[in-house]
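**Q** Attaching a single structure in structure tokens format; questions to follow.
The values are calculated or read from the model by the stated rules, or taken from the named source; none is laboratory data. Given the structure is predicted, the values throughout are model-derived calculations rather than measurements. FYI the Cβ positions are ideal-geometry reconstructions off the backbone, even for glycines, and counts take in every protein chain you see.
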Amino acid sequence: MFEILSMERIGPGVNRAVISAPDIARAHKPGQFIILRTHEEGERIPLTVADKDVEKGTITLVWQEVGVTTYYFGTMCPGEKLHDLCGPLGTPTHVEKFGTVVGVGGGIGVAPLFPITKGMHDAGNHVITIVGARTEGLLIMTEDMKKVSDELLIATDDGSYGIHGFVTQVLQGIIDKGTKIDLCVAIGPVPMMKAVVKVTRAANLPTVVSLNPIMVDGTGMCGACRVEVNGKTMFGCVDGPEFDGFQVDFDLLTKRLAMYKGPELIALNKFRETSRGCQCQFPGGS
Amino acid sequence: MAEETTTKKPKVPRQKMPEQDALERAHNFYEVALGYTNDLSLLEASRCLRCKKPYCMSGCPVEVDIPDFIEMVKAGDLMGAAWKVKEKNSLPRIAGRVCPQESQCEAKCVLNKKGKGEPCAIGRLERYVADWAAEHGGGKMPELPKPTGLKVGVVGSGPAGLTLAGALVKKGVGVTVFEALHELGGVLVYGIPEFRLPKAIVRAEVDELRQLGVEFKTNWVVGRIETVDDLLEKRKLDAVFIGSGAGAPLFLKIPGENLNGVYSANEYLTRTNLMKAYRFPEMDTPVARGRRVVVFGGGNVAMDSARSALRLGAQEVTIVYRRTMAELPARAEEVHHAEEEGVKFKLLTAPLEIIGNEAGWAVGIKCQQMELGEADQSGRRRPVPVEGAYFDIECDTVIVAIGNAANPLVPTTTKNLETNKWGNIVADLDTGKTSKDRVWAGGDIVTGAATVILAMGAGRKAALSMLSTFGL
């Protein structure tokens, strides 16, 4: 169960793995996530499912190395097994034919945006996808996105690839052209989602964002993932992870995401002293 | 009848439970109660009057044959005593530790009834024989009947589900337990702390069920991978028991509750127990190591949280409760243990707001002084604010332990399953039958947050009801 079938580096500190998980692949819907534990002593962390193959019984996970678990995962090799994999969790994306849907993905947020884009495309929407990153080397999954988008716009902050600028500027450009847009879906770092919402709010364009609060159980039991939406406390794991972007308190989310900064560093430094941890710049151990 | 049996007055006093020293144990996660020795168990067993009409049994939600097992202790047949208990209770090592015996079997004990207040220590004896049996190889497993071919699915591996699984498998019914978390035991592993119920014991009790033939699936979220309807239709199970627990934490809905350093008791205890954050960084999961910790609430979960906070290194732990010591809903023993270890009680105090700093961390709470007014519907005197009396308590960690609501995941994904206005599943309290054909339910998901033994009782009743439905 939960065997790693492939593991590849797709960007600096960004990995993609295909995992054997037939039950999850069968049940998964766009927008849902899993919670995994790499090893017995490990944490439970949520990752959004980036893709799945029901016939092969696999799911694809894409993640950036930031803490002990994500680094540990990056050192695992094909043939190794995840200790635990639980899902699918969370409320699925509301997919229907809206008309024109703009997807905005920043950095690692492109991965969770992919199945939603695919779902929206399959539902008959005209899909415009904006993918952005700081620099060319950090762009991920652009080829995958091309297949499920009617229009794909790529931007880098430093202009090393595609349009020179932020995803918000590209989005503003589309809006300014007078394109009729029915829905925007934005997933990426919190500052990016906040900036996107600033643009779409001014244009009165309904916007869905996917949040990544800290979680433990992922089934609504612990409340670690509390977020405020329209002044009300919601649980990211069961009420979300997607919410109305206009209503989300992004500043609170940013503060809560920093809650374990100190311990996270201690755990990571300890991991780096282990035999597995010292090779964590080499994904897949090769 | 009982009169006759009480003519012989017991000379032996109720034997105390040996415990770790309070100040020492407040800094470790080892078990507080150390268990009886053989001598203590014999002395205590000798106190049982073997009443012709054993009232104690009527106080036990799973109807353990109490006088019989105590008689076997007297005769020195500890293995026999353990299996006598296990005929009715599949989890005696757990029940012996966490049951509120003082309000159940021991409350009904004749020695208690006579106004002596010194009932036979049934719970301590139960724990002793069950631990003894486990430490001596467990003894011979009971012979199982031929498989009936019937299959039952159990949603959740907490005390209700485990008890039901044990009762069914002993009658030749195939049982598969579906658990959302990575460990089996539900609240027994995520909620109740190591120092009250060592997790190795839960694991051993679960292993015994596995040896009897119960199948367990972890990381398996019913309602997400498959629904209860899928289990009945696609997997062709003959019946499903829902024992998914209360498990959705309530908050006070006061300002500042989403500040960093503010936890639900569920999260605080889950990080500490299930994820073993007390062993961080050996274990990867952290939990705030607050210096000044405040706990809202007065139940057993509040006591567990406060005592865990002490063990995690807090200098000061304060329970903030709206009423007085007399109204604390926690077991007297838990309150006593907490006091011994140094937990402070700030009574007649209602939190109004959690104060935060600029970085978003809790730094204190704003409180309202209360006093007791008229009795409310529950018969308890209602706390009312003392006008103009406000004060602050400085703290860096806040744990909200004011109860749980029903987790909606299973009820809302099951067709035609009746729930009440609080989201609890409506089920017959004697049989566990729900409004849906072939579906039974029991434990906290039906009653709201209650005790481990009540959940075990519900599991047992549902098992008996299923067996009679199956004609077994």
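**Q** Filter region A:171-190 down to the residues that are touching a residue at least 60 places away in the same chain (Cβ under 8 Å) and over 30 Å from residue B:409 (Cα atoms), then identify the one that is surrounded by the fewest Cβ atoms within 10 Å (Cβ to Cβ). Before you say what the answer is, go through the steps one by one.
**A** Residues of region A:171-190 that are touching a residue at least 60 places away in the same chain (Cβ under 8 Å), as a first pass: A:171, A:174, A:179-190.
Going one step further and asking which of them are over 30 Å from residue B:409 (Cα atoms), we end up with A:171, A:174, A:179-182.
Details: A:171: 26, A:174: 19, A:179: 13, A:180: 7, A:181: 20, A:182: 14.
Once the filter is applied, the top-ranked residue is A:180.
**Q** Restricting the search to region A:106-160, which residues are under 24 Å from residue A:179 (Cα atoms) and basic (Lys, Arg)?
**A** Scanning region A:106-160 gives A:118, A:146, A:147.
**Q** Could you check, for region B:101-117, whether at least one of its residues is among the polar types (S, T, N, Q), within 18 Å of the chain's Cα centre (by Cα), within 28 Å of residue B:466 (Cα to Cα) and at pLDDT below 95? Spell out the reasoning first.
**A** The first filter runs over region B:101-117 and keeps only residues among the polar types (S, T, N, Q), leaving B:101, B:103-104, B:112.
Now narrow it down to the ones that are within 18 Å of the chain's Cα centre (by Cα): B:101, B:103-104.
The next check asks that each one be within 28 Å of residue B:466 (Cα to Cα); those that pass are B:101, B:104.
Filter again for at pLDDT below 95, leaving B:101, B:104.
Looking for residues that are among the polar types (S, T, N, Q), within 18 Å of the chain's Cα centre (by Cα), within 28 Å of residue B:466 (Cα to Cα) and at pLDDT below 95, one finds at least one in region B:101-117, hence yes.
**Q** Is it the case, given these coordinates, that residue A:88 is in contact with a Pro (Cβ under 8 Å, 6 or more places away or on another chain) and within 14 Å of another protein chain (Cβ to nearest Cβ)?
**A** Numbers: in contact with a Pro (Cβ under 8 Å, 6 or more places away or on another chain): no; within 14 Å of another protein chain (Cβ to nearest Cβ): yes.
No, not satisfied.
Listed here are the residues, each with its yes/no results for (1) more than 24 Å from residue A:217 (Cβ to Cβ); (2) within 10 Å of chain B (Cβ to nearest Cβ); (3) part of a helix (DSSP H, G or I); (4) touching a residue at least 40 places away in the same chain (Cβ under 8 Å).
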| residue | (1), (2), (3), (4) |
| --- | --- |
| A:6 | yes, no, no, yes |
| A:10 | yes, no, no, yes |
| A:16 | yes, no, no, yes |
| A:36 | no, yes, no, yes |
| A:42 | no, yes, no, yes |
| A:55 | yes, no, no, no |
| A:93 | no, no, no, yes |
| A:119 | yes, no, yes, yes |
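**Q** Shifting gears a bit: Looking at region A:60-80, can you tell me whether even one residue there is surrounded by 24 or more Cβ atoms within 10 Å (Cβ to Cβ), at pLDDT below 95, assigned to a strand (DSSP E or B) and among the small types (Gly, Ala, Ser)?
**A** Taking every residue of region A:60-80 in turn, none turns out to be surrounded by 24 or more Cβ atoms within 10 Å (Cβ to Cβ), at pLDDT below 95, assigned to a strand (DSSP E or B) and among the small types (Gly, Ala, Ser).
**Q** If you don't mind, there's one more thing I want to ask. Quick check on my filter: what residues within region B:45-75 are touching a residue at least 24 places away in the same chain (Cβ under 8 Å) and more than 26 Å from residue B:460 (Cβ to Cβ)?
**A** If the condition is that a residue be touching a residue at least 24 places away in the same chain (Cβ under 8 Å) and more than 26 Å from residue B:460 (Cβ to Cβ), then B:46, B:47, B:49, B:74 are the ones that fit.
**Q** Let me ask something else. Can you work out which of the residues in region A:258-279 that are surrounded by 12 or more Cβ atoms within 10 Å (Cβ to Cβ) and more than 14 Å from every other protein chain (Cβ to nearest Cβ) is modelled with the highest pLDDT?
**A** A:278
**Q** Can you tell me how many residues in region A:18-34 are crowded, with 20+ Cβ neighbours inside 10 Å and away from chain B (no Cβ under 13 Å)?
**A** Looking only at that region, the number is 2.
**Q** A further question follows. Take the residues in region B:170-189 that are more than 22 Å from residue B:199 (Cβ to Cβ) and surrounded by fewer than 24 Cβ atoms within 10 Å (Cβ to Cβ); name whichever of them is nearest to the other protein chains (Cβ to nearest Cβ). Explain how you work it out, then say what you get.
**A** Narrowing region B:170-189 to residues more than 22 Å from residue B:199 (Cβ to Cβ): B:170-176.
Add one more test, that the residue is surrounded by fewer than 24 Cβ atoms within 10 Å (Cβ to Cβ), and what stays is B:170-172, B:174, B:176.
On the way: B:170: 29, B:171: 29, B:172: 28, B:174: 20, B:176: 14 Å.
Step by step, filter region B:170-189, then rank; the result is B:176.
**Q** Which ones in region A:214-231 are more than 7 Å from chain B (Cβ to nearest Cβ), of a type outside the set (A, V, I, L, M, F, W, C) and crowded, with 21+ Cβ neighbours inside 10 Å?
**A** If the condition is that a residue be more than 7 Å from chain B (Cβ to nearest Cβ), of a type outside the set (A, V, I, L, M, F, W, C) and crowded, with 21+ Cβ neighbours inside 10 Å, then A:218 is the only one that fits.
**Q** Got at least one residue in region B:444-464 being part of a loop (DSSP other than H, G, I, E, B), more than 30 Å from residue B:307 (Cβ to Cβ) and out of contact with any Ser or Thr (no Cβ under 8 Å at 6 or more places or on another chain)?
**A** At the first step, the residues of region B:444-464 found to be part of a loop (DSSP other than H, G, I, E, B) are B:448-451.
Add one more test, that the residue is more than 30 Å from residue B:307 (Cβ to Cβ), and what stays is none.
Among the residues of region B:444-464, not one is part of a loop (DSSP other than H, G, I, E, B), more than 30 Å from residue B:307 (Cβ to Cβ) and out of contact with any Ser or Thr (no Cβ under 8 Å at 6 or more places or on another chain), which makes the answer no.
**Q** Yes or no: region A:124-137 includes at least one residue that is out of contact with any Lys or Arg (no Cβ under 8 Å at 6 or more places or on another chain), within 26 Å of residue A:239 (Cα to Cα), away from chain B (no Cβ under 14 Å) and not aromatic (Phe, Trp, Tyr). Let's see the steps before the verdict.
**A** As a first pass, look at region A:124-137 and keep what is out of contact with any Lys or Arg (no Cβ under 8 Å at 6 or more places or on another chain): A:126-137.
Filter once more, keeping what is within 26 Å of residue A:239 (Cα to Cα): A:127, A:129.
Checking which are away from chain B (no Cβ under 14 Å) leaves us with A:127, A:129.
Still in the running and not aromatic (Phe, Trp, Tyr): A:127, A:129.
Yes - at least one qualifying residue is present in region A:124-137.
**Q** While we're on this one: Being more than 9 Å from every other protein chain (Cβ to nearest Cβ), surrounded by 18 or more Cβ atoms within 10 Å (Cβ to Cβ) and without any contact (Cβ under 8 Å) to a residue 12 or more places away in the chain: is that true of residue A:193 here? Give the derivation first.
**A** Working: more than 9 Å from every other protein chain (Cβ to nearest Cβ): yes; surrounded by 18 or more Cβ atoms within 10 Å (Cβ to Cβ): yes; without any contact (Cβ under 8 Å) to a residue 12 or more places away in the chain: no.
No, not satisfied.
**Q** Among the residues of region B:281-319, what is the count of those that are outside any loop (DSSP other than H, G, I, E, B), buried (at least 24 other Cβ atoms within 10 Å of the Cβ) and among the hydrophobic types (A, V, I, L, M, F, W, C)?
**A** Selection size over region B:281-319: 11.
**Q** Write out, first by first residue and then by second, each pair whose Cβ atoms fall under 9 Å of each other, whose residues are 6+ apart or on separate chains, and whose first residue, in region B:355-379, is under 20 Å from residue B:291 (Cβ atoms) while the second is aromatic (Phe, Trp, Tyr).
**A** B:365/B:296; B:366/B:390; B:366/B:391; B:367/B:390; B:367/B:391
**Q** What's the total number of residues in region A:51-87 that are closer than 16 Å to residue A:275 by Cα and small (Gly, Ala, Ser)?
**A** Within region A:51-87, residues that are closer than 16 Å to residue A:275 by Cα and small (Gly, Ala, Ser) number 1.
For (1) closer than 30 Å to residue B:97 by Cα; (2) in contact with a strand residue (DSSP E or B) (Cβ under 7 Å, 6 or more places away or on another chain); (3) surrounded by 16 or more Cβ atoms within 10 Å (Cβ to Cβ), each residue gets a yes or a no:
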residue: B:332; (1), (2), (3): yes, no, no
residue: B:361; (1), (2), (3): no, yes, yes
residue: B:392; (1), (2), (3): no, yes, no
residue: B:398; (1), (2), (3): yes, yes, yes
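**Q** What pairs come up if the first residue lies in region A:143-166 and is under 13 Å from residue A:117 (Cα atoms), the second is assigned to a helix (DSSP H, G or I), and their beta carbons are under 6 Å apart, counting only those six or more places apart or on different chains?
**A** These pairs meet every condition: A:144/A:114; A:148/A:117; A:148/A:118; A:148/A:121; A:152/A:145; A:152/A:146.
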